[in-house]
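Each value in this text was obtained by applying a stated rule to the coordinates, not by laboratory testing. Owing to the predicted nature of the structure, the values given are computational and were not obtained by experimental measurement. Virtual Cβ from ideal backbone geometry, glycine too; neighbours counted across all protein chains shown.
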Amino acid sequence: MTQPSDRGDGRDGAPSVPPEQERFEQERFARHILAERAATLAARHDAGMADATPGRSMLVLDVGGRECCLDLDAVLRVTDPMWSDMPRRADCPASVRGVYGYQGDLYTVFDLAMLMEEGEQDAPGAMILLRSVSSVPLARIALLAGAARGVMDIPATAPSVLPSGFPTALLPDGRHVVVLDPVRLFSSVRYSGE
């Protein structure tokens with residue numbers, strides 16, 4: 001005994017649809033629904049990825065009570081603030097505090113607060129050794145900061161810029177941090193290193 005089809009069994013005047021044709025149309029309809037659902041899920045995934053995309057990993061520093069961050073790719077090492085005094089040359093910037101030796105290399109130690117046009121730090125709590133950057137005239141640089149607070153993903157920098165010219169980033173909790181760039185920090189430093 002056969003079941004009447006939704007499309008007509010031939011008794012009410014509607015033509016009957018062969019079973020193969022009916023199965024083909026059901027499969028076509030199912031493929032259409034699956035394609036729509038896949039597109040919807042892909043759009044949700046893309047939107048979720050855009051929202052969840054982390055920013056750059058940054059080292060968060062305290063510099064004179066101000067939160068600053070430095071791209072982790074620029075950082076070679078974070079250590080205790082130790083440096084040796086050195087004879088000062090006439091062209092040596094006031095922000096230079098001394099030198100530090102690490103693995104056979106000599107690093108020039110700068111006071112980060114002074115590079116940001118603030119006063120000298122009395123008792124820095126951290127020293128950051130930077131990786132060499134071709135656009136910075138000094139080969140090896142160490143920065144003194146009040147403290148290293150840790151590493152976090154910082155969203156892309158906001159267009160707002162401080163009077164000093166440093167961009168800021170807005171953290172998820174509403175705080176603003178200054179985004180430091182070694183090239184910008186040393187663009188005003190006139191020190192040949194010779």
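State whether the range 56-185 is rounded, prolate or oblate according to the following rule on the C-alpha gyration tensor (a ≥ b ≥ c being the square roots of its eigenvalues): a/c under 1.5 gives rounded; otherwise a/b larger than b/c gives prolate, and the remaining case gives oblate.
Prolate is the answer for the range 56-185, as a/c is 1.5 or above and a/b outweighs b/c.
Arrange the peptides 169-182, 57-70 so that the one whose residues have, on average, the most other Cβ atoms within 10 Å appears first.
Going by the mean number of other Cβ atoms within 10 Å, highest first, we get 57-70, 169-182.
Run the numbers for V183 and E20: contour at 0.36 nm per residue of separation, minus the present Cα-Cα distance, in nm.
Net length gain for the segment: 51.6 nm.
Can you list which of the GluC sites (Glu not before Pro) found in the range 79-146 are DSSP loop residues with at most 12 other C-beta atoms within 10 Å?
In loop regions of the range 79-146 (DSSP not H, G, I, E or B), the sparsely surrounded GluC sites (Glu not before Pro) are E117.
Please list, in order along the range 111-116, the HN-Hα scalar couplings obtained from phi with the Karplus expression 6.51 cos²θ - 1.76 cosθ + 1.60 (θ = phi - 60°), rounded to whole Hz, x for Gly and Pro.
7, 4, 4, 5, 5, 8
On full extension of the chain, what length is gained from D73 through A123, given 0.36 nm per residue of separation minus the C-alpha to C-alpha distance?
15.4 nm
Note down the net charge around D73, summing +1 for each Lys or Arg and -1 for each Asp or Glu among other residues with Cβ under 12 Å from its Cβ.
For residues surrounding D73, the net value is 0.
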